[in-house]
Amino acid sequence: MPNRSPVLVDLKFNPEAVAAALKTAFADRGSINLADPANRQVDLSHVDYALLWKPDADLFERAPNLKVLFSGGAGVDSMMSIADLPDIPIVRFVDPSLTARMSEWVVLQCLMHLRHAVDHLRNQRDRVWRKYVAPEAREVTVGIMGLGVLGRDAAAKLRVMGFNVIGWSRGKKQIDGVETFDAGELDSFLARTDMLVGLLPLTPETAGFYNAALFSKLRRDGALGAPVFINAGRGGSQVEADIVSAIGSGLLGGASLDVFGVEPLPADDPLWGLEKVVITPHDAALSEEYALLRHVEQQIARFEAGEPLQYLVDHGTGY
Ligand code: NDP
Ligand code: OXD
């Protein structure tokens with residue numbers, strides 16, 4: 001067997017689950033898990049591959065001979081913001097398990113806002129019997145920002161529920177049954193949107209993108225009465241003070257947020273106190289450890305067989 005270098009693993013989530021999954025992964029080469037205190041000072045100069053989530057900036061000095069980086073999640077913003085990131089291929093995590101989870105979360109949030117779920121839960125707590133006449137899904141247009149792996153799957157599943165779905169992305173897309181808009185058609189897209197679903201990566205272009213000016217362009221005469229904002233992309237793309245004000249003024253009728261500028265969301269953040277805002281703790285679509293390690297094994301096998309890597313990040317656009 002050729003002398004293969006172990007895979008460097010630095011995932012800052014679920015340490016027990018990662019350690020358990022690593023026991024059976026990378027059988028032909030082994031791994032160095034930095035979550036294990038015994039590996040803190042270990043020599044990394046011979047390592048070819050690294051699987052990382054929120055890596056420390058000095059990691060690349062310690063491991064200067066890396067050939068490929070693998071992201072522990074679908075988003076790579078925490079990696080791309082490192083000043084001395086090596087100019088080598090970066091592979092995102094793309095997997096049916098993650099995609100399915102995200103679509104479940106998106107459909108759940110759209111249905112919650114459609115069917116007054118927050119009001120029902122409050123009324124149940126207060127033992128209040130009150131009916132709400134909700135529009136049908138087909139009367140509501142969900143506008144998805146970001147028509148990548150996650151946006152496209154969410155679009156398909158929202159259509160199954162009967163929603164009218166439109167989508168916006170940098171480049172124009174062709175998706176059956178979904179009217180699409182490109183970057184230059186932002187205002188036309190927003191003017192048609194009752195529920196805005198954010199599935200954009202965080203890049204310099206999308207930082208602070210979901211703000212009061214954008215919310216003011218959403219459709220206001222739709223079946224919901226006021227537009228709803230739903231974001232599972234990244235918190236850095238939203239201006240949270242603007243969301244708080246927009247909920248207060250009625251510019252937004254509700255919101256669902258899975259991601260925040262600061263995570264965990266501080267206990268004194270005003271968002272916690274808003275009844276019309278559904279908060280989930282960045283768990284819309286977690287990376288399942290076994291699926292993640294299998295994906296890395298498959299990509300390493302492709303790379304070493306001379307086949308092209310999949311799900312590559314464009315260092316220029318940052319996603
Ligand atoms: P993809 O890279 O597959 O898709 C990104 C989409 O965003 C593309 O359609 C792209 O357009 C569009 N886009 C990017 N920048 C711009 C821009 N400036 N203007 C217009 N459109 C833009 O990513 P995924 O679908 O796999 O994931 C999306 C994001 O979801 C991740 O980056 C991550 O931040 C987040 N995420 C959150 C999770 C959670 O649990 N909350 C879990 C997993 C991911 P084009 O196709 O034209 O290039
Ligand atoms: C991801 C995430 O990017 O979990 O995969 O946020």
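Remarks
- Scanning segment 276-319 for residues that are exposed (fewer than 12 other Cβ atoms within 10 Å of the Cβ), more than 16 Å from ligand 1 (Cβ to nearest atom) and in a loop (DSSP other than H, G, I, E, B) yields a count of 4.
- Matching residues, segment 193-237, being among the basic types (Lys, Arg) and near ligand 1 (Cβ under 9 Å from one of its atoms): ARG234
- Qualifying residue in segment 79-97 (condition: in contact with a Leu (Cβ under 6 Å, 6 or more places away or on another chain), within 16 Å of ligand 1 (Cβ to nearest atom) and part of a helix (DSSP H, G or I)): no
- The number of residues in segment 58-78 that are assigned to a helix (DSSP H, G or I) and within 18 Å of TYR311 (Cβ to Cβ) comes to 2.
- Across segment 252-284, the number of residues qualifying as acidic (Asp, Glu) and touching a His at 6+ places or on another chain (Cβ under 6 Å) comes to 2.
- The listed residue being surrounded by 15 or more Cβ atoms within 10 Å (Cβ to Cβ), more than 30 Å from LEU147 (Cβ to Cβ), away from ligand 1 (no atom under 13 Å from the Cβ) and among the aliphatic types (A, V, I, L, M), out of ALA25, ALA38: ALA25
- Hey, GLY184 outside any helix (DSSP H, G or I), surrounded by fewer than 15 Cβ atoms within 10 Å (Cβ to Cβ) and not aromatic (Phe, Trp, Tyr) or not: no
- Considering only residues in segment 105-154 that are without any contact (Cβ under 8 Å) to a residue 24 or more places away in the chain and charged (D, E, K, R), the one that is surrounded by the fewest Cβ atoms within 10 Å (Cβ to Cβ) turns out to be ARG127.
- Restricting segment 105-147 to residues that are outside any helix (DSSP H, G or I), more than 20 Å from ALA255 (Cβ to Cβ) and not aromatic (Phe, Trp, Tyr), the residue that is modelled with the lowest pLDDT is VAL133.
The values are calculated or read from the model by the stated rules, or taken from the named source; none is laboratory data. These numbers come from a predicted model, not from an experiment. Because the Cβ atoms are built from the backbone with ideal geometry, glycine has one as well, and the counts that use them run over all protein chains shown.
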